[in-house]
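Since the structure comes first, as structure tokens, the remarks are kept for the end.
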Amino acid sequence: MLKKPQQPVIHGADAFAAMRKAGRFTAEILDYITPFVKPGITTGEIDRLCHEYHLAHGAVPGPLGFHGYPKSICTSVNHVICHGVPGDLVLKDGDIINIDVTPIVDGWFGDSSRMFFVGNVSRLARDLVKATHEAMMRGVRAVKPGATLGDVGYAIQSFAEARGYSIVRDFAGHGIGRTMHTVPQVLHYGTPGTDLRLEPGMFFTIEPMLNIGGPDARILADGWTAITRDGSLSAQFEHTVAVTETGVEIFTLSPSGWNAPPYA
């Protein structure tokens, strides 16, 4: 007998309140780490600082131990697309880095990532980061009751590709709540009017990855770090959102207004 496809959970008011708390804390971690992201720091030190921030505020780093992942956050530098494992890498002037945090707050997962400029960054890298943030926000703005995930993907794809960037297709956004990853799968490309129809109470992430070169990825020997196959720069932003009765709510906006670099 064929299994019925799993359907997204429709959440109520209590879940919205819990995710607002988890989402705000997620954004607060990224705000906290912002002043430390500068030439000379290692990705391992960024991980240590974020790990300690979790514990000091009664939260749990969701990635730590998840399917064997060894660290509390992900740090993806330059040509790393996503899931970069923090370690001894020293950030240098001109780097770009994505920091991805997924804390568990009272049993609920927040999930967000931002790009950071390390020192003086090239115009090429700045333009990529700016376009990636706008692509994510176009996807976010497409979320509303009655729209489809195809509409969300198309909003991202049409913007990014019109500007000459490729979209990584090996990774996607995902449903979230009391588990880190659940349905629906949120593709960052698509055809309007296709895929899941959105209903109030659905929670998921939107997290496009744009490359200056081709879209193909390769996983390194650590089993986690995904890099661009052609060595080109990559950028990613991520928000956790909810479908509301009238549109969309972003759970992971920065309390400081630091949603995209440069950060004051």
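Computed quantities for the displayed model
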quantity: Top-ranked residue in the range 124-159 [being more than 19 Å from Gly214 (Cα to Cα), part of a helix (DSSP H, G or I) and among the basic types (Lys, Arg); ranked as nearest to the chain's Cα centre (by Cα)]; calculated: Arg138
quantity: Among the residues listed as Ala155, Ala131, Ala147, the single one being surrounded by 18 or more Cβ atoms within 10 Å (Cβ to Cβ), under 19 Å from Ala260 (Cβ atoms) and in contact (Cβ under 8 Å) with a residue 24 or more places away in the chain; calculated: Ala131
quantity: Pair list, Cβ < 7 Å and 6+ apart or interchain, from the range 195-209 residues that are within 16 Å of Ala172 (Cα to Cα) and in contact (Cβ under 8 Å) with a residue 40 or more places away in the chain to residues that are assigned to a loop (DSSP other than H, G, I, E, B) and of a type in the set (Asp, Glu); calculated: Thr205/Asp111
quantity: Entirely in the range 211-253, the strands (runs of 3 or more DSSP E) that have 1 or more residues that are polar (S, T, N, Q), in contact with a Cys (Cβ under 9 Å, 6 or more places away or on another chain) and within 30 Å of Ala22 (Cα to Cα); calculated: 234-236
quantity: Selected residue [surrounded by fewer than 20 Cβ atoms within 10 Å (Cβ to Cβ), at pLDDT 95 or above and touching a Pro at 6+ places or on another chain (Cβ under 8 Å)] from Gly68, Gly107, Gly119; calculated: Gly119
quantity: Test: Gly58 is out of contact with any Phe, Trp or Tyr (no Cβ under 8 Å at 6 or more places or on another chain) and at pLDDT 95 or above; calculated: yes
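The values are calculated or read from the model by the stated rules, or taken from the named source; none is laboratory data. If you're wondering where the values come from, they're calculated on a predicted model, not measured in any experiment. Virtual Cβ from ideal backbone geometry, glycine too; neighbours counted across all protein chains shown.
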